[in-house]
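Scroll down for the structure; my scribbles are underneath it.
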Amino acid sequence: MAKVSGLGVRLYAAGYDLSGDVNVVDSIGYTQELLDVTTLDLAARARIAGMSDSSLTVNGWFEAASDHAAYTSNTGKMPTADQIVFTQLGTALGDPFCGMTAKEATYVVNRAPGSALATTATYSGTAGEQAEWGVTLTASKTTNASAASGTGVDNAASSANGCVAYLEAMSLTSGTCVVKVQHSTDNVTFTDLITFTSVTTAGVPFAQRSTASGTINRYLRVNTSGTFSTIVFVAGVARL
């Protein structure tokens with residue numbers, strides 16, 4: 001199996017690109033409770049799986065006047081709403097990503113001698129689901145000046161248990177943009193699979209997690225439509 005470097009990792013939350021604030025993704029993944037069900041006739045512990053959880057910890061640099069409201073708490077208040085968090089592990093089309101619905105649990109500023117002010121932030125899952133791993137449908141941040149269809153991503157085979165799609169829209173110059181995930185059996189004819197809530201200039205930054213059930217065809221792509229000018233976004237799909 002080919003090893004993968006940490007180059008090209010990007011972080012987005014609630015429609016904000018945090019890649020320029022964060023320098024380390026310290027940990028991202030799952031935990032699972034193990035419930036002790038040991039009985040009298042056993043000489044070693046017996047356990048069954050309990051509830052699972054997901055978390056993300058990132059280290060970054062303090063900015064006194066940051067506009068990244070999804071991350072900083074320089075105003076003295078932590079963000080309280082659920083956030084769609086999208087961690088991209090590579091900037092090429094089809095690279096892995098991890099998505100989760102979370103709340104920011106901590107934001108701490110650290111000062112080390114002779115060093116810039118550093119920050120640590122943690123996110124904890126809130127949707128009753130584990131973090132979801134999938135493939136990106138955009139090569140890092142994608143800019144569409146007008147309606148366009150992305151390149152199909154080959155997932156090698158179809159799947160039968162639905163999927164989860166993530167969208168992070170950082171900016172939209174004007175108008176209304178409809179972002180869709182489409183699927184295909186042959187990478188030629190695509191049909192709509194998931195339609196996100198429309199992105200408007202009044203509503204960006206914007207992020208959404210959406211689901212589809214049933215058969216997901218082999219090829220996936222992202223499509224933008226509507227009357228708009230220049231949207232900047234990332235998207236990805238996790239098969240279930």
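Every read-out reported here was derived from the displayed coordinates using simple, explicitly stated rules and does not represent laboratory data. Just so you know, these numbers come straight off a predicted model, no measurement behind them. All Cβ positions, glycine included, derive from the backbone under ideal geometry; neighbour counts span all protein chains shown.
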Review point. Considering amide H positions built from the backbone, and no H for Pro or chain starts, which residues 5 or more places from residue 29, or on another chain, come under 5 Å of its amide H?
Key: 55
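Test of understanding: what is the full-extension gain from residue 176 to residue 211, defined as 0.36 nm times their sequence separation minus their Cα-Cα distance? Don't skip to the end; give the middle numbers.
Numbers: separation 35, 0.36 × 35 = 12.60 nm, distance 2.18 nm.
Value of the extension gain: 10.4 nm.
For the range 187-237, divide the Cα radius of gyration by the Kirkwood radius and give the resulting Rg/Rh value with two decimals.
0.96
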Point to revise | Estimated vicinal HN-Hα couplings, Hz - the range 2-12 in sequence order (Karplus 6.51, -1.76, 1.60; Gly, Pro = x) | key: 6, 7, 10, 7, x, 6, x, 6, 9, 10, 10
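Please give the charge dipole size of the range 134-239, origin at the Cα centre, charges +1 on K and R Cβ atoms and -1 on D and E Cβ atoms. Round to the nearest 20 debye. Please report the intermediate quantities before stating the final value.
Values: 6 positive and 4 negative charges, 22 e Å.
Around 100 debye, computed over the range 134-239.
About its Cα centre, what dipole magnitude does the chain give when the only charges are +1 on Lys and Arg Cβ and -1 on Asp and Glu Cβ, stated in debye to the nearest 20?
On the way: 13 positive and 18 negative charges, 50 e Å.
So the dipole magnitude of the chain works out to roughly 240 debye.
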Practice item. Go through 202, 115, 125 and say which Cα lies farthest out towards the positive end of the charge dipole of the range 111-240; charges sit on Cβ, +1 for Lys and Arg, -1 for Asp and Glu. Key: 115
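Which peptide among 22-28, 160-166 comes first, and what is the full order, when sorted by highest mean count of other Cβ atoms within 10 Å? Provide the component values of the computation, followed by the final result.
Numbers: 22-28: 15.3, 160-166: 19.0.
Most protected by this proxy first, the peptides run 160-166, 22-28.
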Check your understanding: What is the set of long-range amide H partners of residue 153 at a cut-off below 5 Å, with H atoms built 1.01 Å from backbone N?
Key -> 220, 221
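Compute the convex hull volume of the Cα atoms of the range 134-239, divide it by the residue count, and report the result per residue in Å³ as a whole number.
Values: hull volume 8.4 nm³, N = 106.
Considering the Cα atoms of the range 134-239, their hull volume per residue is 80 Å³.
How would you order 175-184, 203-212 from highest to lowest mean count of nearby Cβ atoms within 10 Å?
Details: 175-184: 20.8, 203-212: 18.9.
My ranking of the peptides, most packed first, is 175-184, 203-212.
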Check your understanding: Taking θ as phi - 60°, what are the ³J(HN,Hα) couplings along the range 99-106 by the Karplus curve (6.51, -1.76, 1.60), each to the nearest whole Hz, with x for Gly and Pro?
Key -> x, 7, 9, 8, 10, 6, 8, 9
**Study point:** Pair residue 63, residue 186: separation of 7 Å Cα→Cβ label points (nm)
**Key:** 4.7 nm
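For each of 221, 45, count neighbouring Cβ atoms within 10 Å of the residue's Cβ, then give the residues from fewest to most.
Working: 221 22, 45 9.
The fewest-first ordering by Cβ neighbours comes to 45, 221.
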Check your understanding: If you work out mean projected area of the Cα convex hull in nm² from the coordinates, which of (1) 12.4; (2) 13.2; (3) 17.7 do you get?
Key -> (3)
Study note, to complete from the structure: Taking every other residue with Cβ under 12 Å from the Cβ of residue 119 and scoring Lys and Arg +1, Asp and Glu -1, one gets -3
Review point. In the neighborhood of residue 181, defined by Cβ-to-Cβ distances under 13 Å, what is the net charge if each Lys or Arg adds +1 and each Asp or Glu adds -1?
Key: +3
